[in-house]
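Accompanying notes for the structure given below.
The values are calculated or read from the model by the stated rules, or taken from the named source; none is laboratory data. Note that the coordinates shown come from a computational prediction; the quantities given were computed from them, not determined experimentally. Here the Cβ positions follow ideal geometry from the backbone for every residue, glycine too, while neighbour counts run over all protein chains shown. With ligands, DNA and RNA removed, areas are computed over all heavy atoms of the protein, side chains included. Shrake-Rupley method; radii C 1.70, N 1.55, O 1.52, S 1.80 Å.
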Amino acid sequence: MLTQQELEKYLTLCMDSEGDFAEIYEENEFSETIRTLNGKAEKTERAITSGIGIRLYKDLQSVYGYSNETDEASVLALINDLREAVGTAGDKAVEPVRLTRVEYENNNPIRIDFREVSMDDKMAYLLRAYQAAKDYDSRIVKVRADMLNVHQEVQISTSEGRLIGDTRVRTRIYVDAFSQEDGVLQSGGFYPGGGKGLEFYEDDTTPEEAAREAARVAIVKLHAKDCPSGKMPVVIDNAFGGVIFHESCGHALEATSVAKNQSVFSGKFGTQIANPCVSAVDDGTIPNAWGSQNIDDEGNFQQRRQLIKDGVLTSYMIDRLNSRRMGMEPTGSGRRQSYRFEPTSRMSNTYICPGKDSFESLFEGIEKGLYAKKMGGGSVNPQTGEFNFSVMEGYLIENGKITDPVKGAALIGSGAEILMNIDKVSDNLARGQGMCGSLSGSIPTDVGQPAIRVSSITVGGTAQ
Amino acid sequence: MNADKWIARAHEIGLDELEIYEQHETEREVSWFEGKVDSFVTSRILGTSLRATLGGKIAEISLEQTDDGMMDSVLESLKEQAETVTGTETICLRKPQDTVPVQNSRTFTRPSMDQIRSAMQETEKKILAADPRIFMVSEIEWQDTKTSVQITNSLGLHVEDAGAAQVFVAGCAARQDDQVKNDYCIRVVEDIEKLDIDDFVKELTEGVLGKLGGTSVPTGSYKVILEKKAMTSLFSAMIPMFSGEDIGKGISPLAGKLGQQIFSDKITVVDDPRCLDALNVRNYDDEGCPTRRKVLVDKGVFSCMLHDTKSSMAAGTESTGNGFKHSYTSPVHITPYNCCILPGERTLDELCAEMGEGIVITSFAGLHAGIDHVTADFSLQCAGYYVKNGVKDHSVTLITAAGNFFDMMKNVTETASDLEWSYRTITCPSVAFRSLSISGT
């Protein structure tokens, strides 16, 4: 990391321009991936990422430059490119920037630092996963188990005099189990993770639990029928089921699209956008969660944001630049994949709050519908609100009962419509982990919800 | 970095082989919003990736800086990583091979900021003037990049490759009644002074206006044409099935199907990193293996899978020169480069006329999630237009198309003549199908 003296010099030089705000983001990251197939280590990859991103604002205009060369000559050349782009100051008097370091209590402490654990010991977690998946059912013929570990240090300094840092550690296990019967091959996956050290595999989800869940899905899919098509009621279970809110509504509540009136929820602050049974939160402060940080990537403290309260839109997720455009305070939502990305507003751990309905009551009165037990991923067009996502494990609902497993289902619709169509929310809140892609790269986010019922949604499948 | 010094030290600490991959990249991005430059991004990156082998096992690490002070810790890390590998497959780095490189004749003239501003201003004005239903220019962006790659290894290999691109992007949104639709358009621009802005705006605005008034269709089985962009996106999402590594491990749906009829005999797939019609050519892959033209599917018959060095050694064959990296931070991954379905002879309009009644799908969404890569089953959100009496009747939205990719590709009736490369490394012409399951109302 650059010294405080160097940062003050560079920030002062940045402000010797037509810019009215400057920020320097520094990052050092060490990451490691171990890939195994059938209990054998196939590949190990490590990456040491280190670079700097400098940003200047002039009113609503932003200029951003990044480099992995952090010697003085390179940084000065980068700053000069940015000053030229934003406009040089002429005879403007420039106050020297003086930084004050902001200290705080770490909300995401870890116990077992993966960098201090041998490769053999890390491999042992993956071998446990392999064995558990194989032991689950004799029809499990292949098991892929990978582990990702990341240790990221960031430091952010601004022309407003703020100097603050954060250390983010996360780990994730990816288990894919392949089942085979009568020549048919199917797969199931489970990918839990957390903002933790390797204690995650003892305290939260053991490799065995991850493997058995992947194997269970792979076995269920062996006898899944083609999914029916058409509009029908759908019960979406908890945890990664929350991807429906993430895709259909979360992205459209990010200032990235709201500020430029490119969201279906632009101008809807304070209005009823969802059924009153729906409340939703984006909370970057959950200790050691997959999407948590102490500070966002603009140096602001992470927050708990009540996005929707009883169906009413109560907060957007706002980064620093878009806060200017919107005339609202930033909400600590400026995130980025790395120094190569300019930050913008992003989700952290986003979930629908628990409701009052029992899980069983969600199925009552459904003559023909779909129970989406496990969701795959999805995507949304924030401007039109149209979203789609895939169902990894689904079942038919017939006369209020869960019956046969089905495969190949997709759910599509528009975000504004689905929020109104959620008519029951149960009380079994859980979260699942994912990687979210958007303008500022791929970042870890939790999605979550209790089981919910959507009264009508288009299901795409192959059966008529 | 001093390659000789690192290679010598690698041998001293017991590594068998060392490869040094260096990538230099410069990039400039300018975006425009509501009458002025919205953001400007500039970057200069020199990144390095090292691969080492020990007893036939490989390890990989990527670095931003490579000063000699970190040499021992980096090489020791590689040794520890290689010693962890317990898989039975082995790999050795590539020896130098003779090849006659080809060169793309494309030259890019780097525009000044004033030229970029002027083109953006004119584009914005013309988009907004095109039709009163267009209420927003959501993005206008310029991007120019230059990349060069240098690969050196302890077996005496030293190769270099380079690429460049300049693209102009614009997106806009239109409203009719309460329905909002958006679209975008991308052009590769060799010289911004020669960019035909009128033609660019016409393509963009016709695209977005054509989506307005869209309705769903009743659930059922329809004759379908996948327009070239939709076909390209679906085929690109399916292309990992050609990976020799996944086929060897039995987790690709193409496992055990070499030599079999997998698609209709109307379909031939070619991968040619040296294709001069594409944006860039690669004479070597990112392991230093010379690239070459391969026919992956010959009139529907699966004739060639893609290999990098490791998968080819496991299969007892030669690498096809498809070991590419997304960047120096990514591992080598089996990837097609300049891969296409060969075009037919008739236009998309002629295919629509032949179809008579059916649906033309112009876009898919959620391709990263809606495909089962083990079975090749898919269920995807899509949009397009309905064809009646051989011509476009009305636009169609919020429907899904579902099926099995192989079943669908055996149902091809014809490929159109409209293949274009633009900025892509995988591309397809429009393709007509006898039937596909569509879910709507």
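List pairs: first residue in the stretch A:96-114 and closer than 18 Å to A:ASN294 by Cα, second residue open to solvent by 70 Å² or more (accessible area, probe 1.4 Å) anywhere in the structure, Cβ distance under 8 angstrom, at least six positions apart or on different chains. Taking only residues 6 or more apart or on different chains, the pairs are A:ARG101/A:GLN4; A:TYR104/A:PHE301; A:ASN107/A:PRO287; A:ASN108/A:PRO287.
If you take the residues of the stretch A:57-85 that are more than 9 Å from chain B (Cβ to nearest Cβ) and assigned to a strand (DSSP E or B), which of them is most open to solvent (accessible area, probe 1.4 Å)? Step by step, filter the stretch A:57-85, then rank; the result is A:LYS58.
Here is a check on your reading of the model: is A:TYR191 open to solvent by 20 Å² or more (accessible area, probe 1.4 Å) and outside the structural domain of A:GLU298 (by TED's automatic domain parsing)? Against the criterion (open to solvent by 20 Å² or more (accessible area, probe 1.4 Å) and outside the structural domain of A:GLU298 (by TED's automatic domain parsing)), A:TYR191 qualifies. Among the residues making up the stretch B:110-167, those that are within 30 Å of B:TRP6 (Cβ to Cβ), in a loop (DSSP other than H, G, I, E, B) and in contact with an Asp or Glu (Cβ under 7 Å, 6 or more places away or on another chain) are B:SER154, B:LEU155. A count restricted to the stretch B:203-222 and to residues that are more than 14 Å from chain A (Cβ to nearest Cβ) and surrounded by fewer than 19 Cβ atoms within 10 Å (Cβ to Cβ) stands at 3. Take the residues in the stretch A:281-333 that are open to solvent by less than 30 Å² (accessible area, probe 1.4 Å), among the charged types (D, E, K, R) and part of a loop (DSSP other than H, G, I, E, B), then tell me which one is farthest from A:VAL169 (Cα to Cα). Filtering first and then ranking leaves A:ASP319. Would you be able to say whether some residue in the stretch B:402-423 is modelled with pLDDT under 95, of a type in the set (A, V, I, L, M) and either under 29 Å from A:SER456 (Cβ atoms) or surrounded by fewer than 19 Cβ atoms within 10 Å (Cβ to Cβ) (or both)? Yes, the stretch B:402-423 contains at least one residue that is modelled with pLDDT under 95, of a type in the set (A, V, I, L, M) and either under 29 Å from A:SER456 (Cβ atoms) or surrounded by fewer than 19 Cβ atoms within 10 Å (Cβ to Cβ) (or both).
Taking each residue of the stretch B:10-33 that is among the basic types (Lys, Arg) and looking for partners that are in a strand (DSSP E or B) with beta-carbon atoms closer than 9 Å, six or more apart or interchain, yields B:ARG28/B:PHE40; B:ARG28/B:VAL41; B:ARG28/B:THR42; B:ARG28/B:SER43; B:ARG28/B:TRP142; B:ARG28/B:GLN143; B:ARG28/B:ASP144; B:ARG28/B:THR145. For the stretch A:415-426: of the residues being of a type outside the set (A, V, I, L, M, F, W, C), surrounded by fewer than 24 Cβ atoms within 10 Å (Cβ to Cβ) and in contact with a strand residue (DSSP E or B) (Cβ under 7 Å, 6 or more places away or on another chain), which is nearest to the other protein chains (Cβ to nearest Cβ)? Going through the qualifying residues, I end up with A:ASN421. The condition (being modelled with pLDDT under 95 and under 21 Å from A:LEU307 (Cβ atoms)) is satisfied by just one residue among A:GLY378, A:GLY355: A:GLY378. Checked against the criteria, B:MET231 does not count as within 14 Å of chain A (Cβ to nearest Cβ), crowded, with 19+ Cβ neighbours inside 10 Å and under 30 Å from B:GLN381 (Cα atoms).
In the set A:ASP423, A:ASP446, only one residue is in contact (Cβ under 8 Å) with a residue 24 or more places away in the chain, on the phi < 0 side of the Ramachandran plot and over 21 Å from the mean Cα position of the chain (by Cα); that residue is A:ASP423. Any residue at all in the stretch A:121-130 that's touching a helix residue (DSSP H, G or I) at 6+ places or on another chain (Cβ under 6 Å) and of a type in the set (D, E, K, R)? Among the residues of the stretch A:121-130, at least one is touching a helix residue (DSSP H, G or I) at 6+ places or on another chain (Cβ under 6 Å) and of a type in the set (D, E, K, R), which makes the answer yes. Out of B:SER39, B:SER49, B:SER62, B:SER77, I need the residue that is closer than 30 Å to B:CYS172 by Cα and either touching a Cys at 6+ places or on another chain (Cβ under 8 Å) or of a type in the set (Ser, Thr, Tyr) (or both). Which one? After ruling out the rest, the residue left standing is B:SER39.
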